[in-house]
Structure formats: structure tokens, C-alpha cells
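Trainee: Below is a structure I'd like to ask you about.
Here, each number is a calculation from the coordinates, and none is a lab measurement. Quantities reported herein were computed from a predicted structural model and do not represent experimental measurements. Backbone-built Cβ (ideal geometry, glycine too); neighbour counts: all protein chains shown.
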Amino acid sequence: MAGTVHQRSRQVLLNDQAIIASDIGVVRTENQDRVAVLRVSDGPRPFVCFALSDGMGGMKDGGPCATVSIASFFSSLVEASELEPHRKLHIATNVANETVYKTWQGRGGATLSAVLIDADNSAYVSNVGDSRVYALDAKWTKLSRVTVDDNLKEAFGGADRGLVQFIGIGKSLVPNVQQVAVGLSSFFITSDGAHYFDEKIFEQLLLCATDPLRATDRLLALARWLGGPDNASVAAFSVSHLSNMLGRQNGSLPTVWSGHSQLHLQRVPNKVLNTDAPLSQSANEQERPPATKQRTATKRKSRTSKKAAPGDQLEIKISSDEGEDATDS
């Protein structure tokens, strides 16, 4: 029905070893969270990347800002796929920031938290804003928080939780990119609506869940039961189960999953990311010609149709995560 606001989206993927889910909550009338997964199996550096973006309340177009954040972030990762993970994440985070800034000129923004797993199961994290990345050890006995919120309280020891940086802030952005310590086996990326309650309850819930799917379902249920004041979204997975999906597969196309499996792919000719440029170089300094071709994927088939041809850029537009449940098998 036109105009219907769906309450939840939930997608199980990668042979039932990972999940992305979102709940609009009890108070909000719009879901401004976006959560998605990109897998690149072809090339010398195969990887899978889980990403979550939360549009900033009180600013303009929170949902669209989150959409553009992940879309431009994934597009840049595909384009820079042959680079080492740390640099690839730096470039993609900066491109996302500049793309959002170019459109909204600082009047709109979003958080962006991502975990990238490469072929040897090493984990890398990029974080901007107050969405978070948590990790559990192999025995599910200890929970670690990998990221620090980009707010005055955590970044500078103040009392205010207002963000000091976000995707769309412009040239002042300093991405928080790090390699995660070995021994952390399961990861959870959460928007603030999924971790706003007591930290001890949050930790106990995850430790008792025993697997990412059960943990995610319980997190979103508890967030709603405690009042659901904000959109709540989670991306969760275990690293050990991804190894068989990251082997080199010549000719394999990049694959993207989003909340309800609707993607738009655009090809922009003659646009090549300058991977030798300094990490601080803005996307505005690289010409971005208008799209000349667009293709829409069918519902429940969230896969890219073609890899970008040499000299072309593959741009990905992530749709809203307010859609119906979908399961990828």
C-alpha cells in the first residue's frame, strides 16, 4: 500500500552466518537508519564489508544522508578494491563525507560505522559519529567495545553528547580507522537506538545469546520493550564463518545486501578514483560527471548486475531499510 511505513526489516545472509536488521522503534515515524553489506570476491584482495549509517536527527534529510553515505562508501570500496584495507577504508570514508557535504553543504549528515574482513580474516574498522562497533571473543565470554563515540563526552571528556564530527561535515573530517586485535571473532555494529540502554544489560544479552542472529533479534526486541525512543539497527556476524566466502572467484560480481533488497546501480563513465592522492583529498577535487545509465534490481534479489568496466565507476544507491523481511539463502 502506498504510504505504508514498515516497522522492521530483517535479512539473514552469507549462509545464515550474518544478519542485518532494523526497527523503526516506538516513537519515530520514519526510519533514518541504513544498514547494508558489500562482498567483493574477485581480484587480489577479496573482502566483505558490513556498514551502518544513522541519519542525524535535527538536521536536514537524515534518511537520504544515510543512504548516500553508505552508497558512496561502498562505491568507493569497489573502485579501490585492490588497495590494502586500511587505506581503502580511509579513502571510502572520505569520499562518503565529501559526497554528503557536496549535496547538503553541512546542513545534513549521518554516522558511518563499518567492519571490513579481508581474505585472511583480519578485521578493520572505520567509525564516524556515535554508531558503534562491538566485538566478542571466540568463546563468547568477553565483550569489547571497539569504537569511541565522536562526541564531546567521549572524545574530549566533556558532558555534552553532541557530535563533533559526522559524515557530511566537510573538510575537517578525520576518519577513525583501525585494525582490530586478533582473537575477536564476532562483531556487532549498532545504531544508538540499539545500544541506548544500560551497558551491563547490553553486555549480558550478547554474552547469553550464543550466536549473532539470536543476539540481534534480542537486541531489537529489548530496545522496543524499553520504549523504543529511536530507530534501532544492527549488523552482526562471526568472522570464522566468512572465510569460505572470501576465496578468489574469478569473474565473480560484487554483491550487495540492504534492508529490503532493492538496489539501484549507476555507471559513471570516465571517473577513476585517484588512489595515489593524499587521504585528505576531497571528492570535490575529483570530477564527478552525471550518471548516464541506471538499472534497478528486482525486489529480493539484491545483487549487483555488472562490475564497473575499466575507466567506469560503479555507484550504488542503498534503498530505505523500512521494507518487509527478506532472507537471502
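Trainee: Applying 1/(1 + (r/R0)^6) with R0 = 22 Å to the Cβ-Cβ distance of residue 221 and residue 30, what FRET efficiency is obtained, to the nearest 0.05?
Mentor: Working: r = 21 Å, r/R0 = 0.95.
With R0 = 22 Å, the Cβ-Cβ based efficiency is 0.60.
Trainee: To continue, here is another question. Enumerate the amide H contacts of residue 185 below 5 Å, restricted to partners 5 or more residues apart or on another chain; note that Pro and chain-start residues carry no placed amide H.
Mentor: 136, 137, 138
Trainee: Rank-order 66-73, 23-30, 92-99 by packing density, defined as the average count of other C-beta atoms within 10 Å over each peptide's residues, highest first.
Mentor: On the way: 66-73: 28.4, 23-30: 17.2, 92-99: 26.8.
Per-residue Cβ counts within 10 Å, averaged per peptide and sorted highest first, yield 66-73, 92-99, 23-30.
Trainee: Something else about it: Considering the dipole of the stretch 38-174 built from charges on the beta carbon (Lys and Arg +1, Asp and Glu -1) around the Cα centre, which of 64, 93, 121 is farthest to its positive end?
Mentor: 64
Trainee: What pairs from 88/142; 88/139; 139/200 go past 22 Å between their alpha carbons?
Mentor: Details: 88/142 29 Å; 88/139 30 Å; 139/200 19 Å.
Correct reply: 88/142; 88/139.
Trainee: Pulled fully out, how much extra length does the chain show between residue 102 and residue 240, if you take 0.36 nm times their separation in residues and subtract their Cα-Cα distance?
Mentor: On the way: separation 138, 0.36 × 138 = 49.68 nm, distance 3.87 nm.
Stretched out fully, the residue 102 to residue 240 stretch lengthens by 45.8 nm.
Trainee: Moving on to the next point. If you keep only loop residues by DSSP, which trypsin sites (Lys or Arg not before Pro) in the stretch 118-147 have at most 11 other Cβ atoms within 10 Å of their Cβ? Walk me through the numbers before you get to the answer.
Mentor: Details: sites: 132, 139, 142, 145; in loops: 139, 142.
Qualifying residues, ordered by number: 139.
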